[in-house]
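Below: the structure, in structure tokens.
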Amino acid sequence: QVQLVESGGGLVQAGGSLRLSCAASGFIFSIRTMYWYRQSPGKQRELVAFVKGDGSTSYADSVKGRFTISRDNAKNTVYLQMNSLKPEDTAVYYCVVVIVNREYWGQGTQVTVSS
């Protein structure tokens, strides 16, 4: 079965960095586009970034230039390097994959940025 396990969240001061990881299993990882979403209370869920199987990437305007998404197909893992963090980046971050029109979500990892 499809499993996505996020890690790497935590508490960091504004301007700091974190790297999130998402370990995937149960599907052919290398051919799937992998997404990072985030959700904070009172705000709409936001697509942060995605990386296609060929390595091409896309980012939300709110994180462009600060976040970098990458993947290691040998380790079935997708990463989100977050630099220059801001308090408004505080959210639960989720790793997502879509397979045959069905979304699979990880359990999420909390990122809290203090001012």
Could you give every pair whose Cβ atoms fall below 9 Å, whose first residue belongs to the stretch 99-112 and is in contact (Cβ under 8 Å) with a residue 40 or more places away in the chain, and whose second residue is open to solvent by 100 Å² or more (accessible area, probe 1.4 Å) and in a strand (DSSP E or B), counting only separations of at least 6 or pairs across chains? GLN110/LEU11; VAL111/LEU11; THR112/LEU11
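Only one of TYR93, TYR104 is aromatic (Phe, Trp, Tyr), out of contact with any helix residue (DSSP H, G or I) (no Cβ under 9 Å at 6 or more places or on another chain) and either open to solvent by 20 Å² or more (accessible area, probe 1.4 Å) or farther than 16 Å from LEU47 by Cβ (or both). Can you tell me which?
Numbers: TYR93 fails: either open to solvent by 20 Å² or more (accessible area, probe 1.4 Å) or farther than 16 Å from LEU47 by Cβ (or both).
Of TYR93, TYR104, the one residue that is aromatic (Phe, Trp, Tyr), out of contact with any helix residue (DSSP H, G or I) (no Cβ under 9 Å at 6 or more places or on another chain) and either open to solvent by 20 Å² or more (accessible area, probe 1.4 Å) or farther than 16 Å from LEU47 by Cβ (or both) is TYR104.
Here are ARG38, ARG19: which of them is in contact with a strand residue (DSSP E or B) (Cβ under 7 Å, 6 or more places away or on another chain), open to solvent by 60 Å² or more (accessible area, probe 1.4 Å) and not aliphatic (A, V, I, L, M)? Even if it seems obvious, please write down each step before you answer.
On the way: ARG38 fails: open to solvent by 60 Å² or more (accessible area, probe 1.4 Å).
On inspection, the qualifying residue turns out to be ARG19.
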Can you find a residue in the stretch 64-82 that is surrounded by 16 or more Cβ atoms within 10 Å (Cβ to Cβ), in a loop (DSSP other than H, G, I, E, B) and modelled with pLDDT of 95 or more? yes
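Please work out if LEU47 is in contact with a Phe, Trp or Tyr (Cβ under 7 Å, 6 or more places away or on another chain), of a type in the set (A, V, I, L, M) and open to solvent by less than 40 Å² (accessible area, probe 1.4 Å). First the steps, then the outcome.
Working: in contact with a Phe, Trp or Tyr (Cβ under 7 Å, 6 or more places away or on another chain): yes; of a type in the set (A, V, I, L, M): yes; open to solvent by less than 40 Å² (accessible area, probe 1.4 Å): no.
Here the answer is no, as LEU47 does not meet what is asked.
The values are calculated or read from the model by the stated rules, or taken from the named source; none is laboratory data. Nothing here was measured: the structure is a model prediction, and the numbers come from that model. Here the Cβ is made from the backbone with ideal geometry for all residues, glycine too, and neighbour counts use every protein chain on show. Protein only, heavy atoms only, side chains kept; ligands, DNA and RNA dropped before computing areas. Shrake-Rupley method; radii C 1.70, N 1.55, O 1.52, S 1.80 Å.
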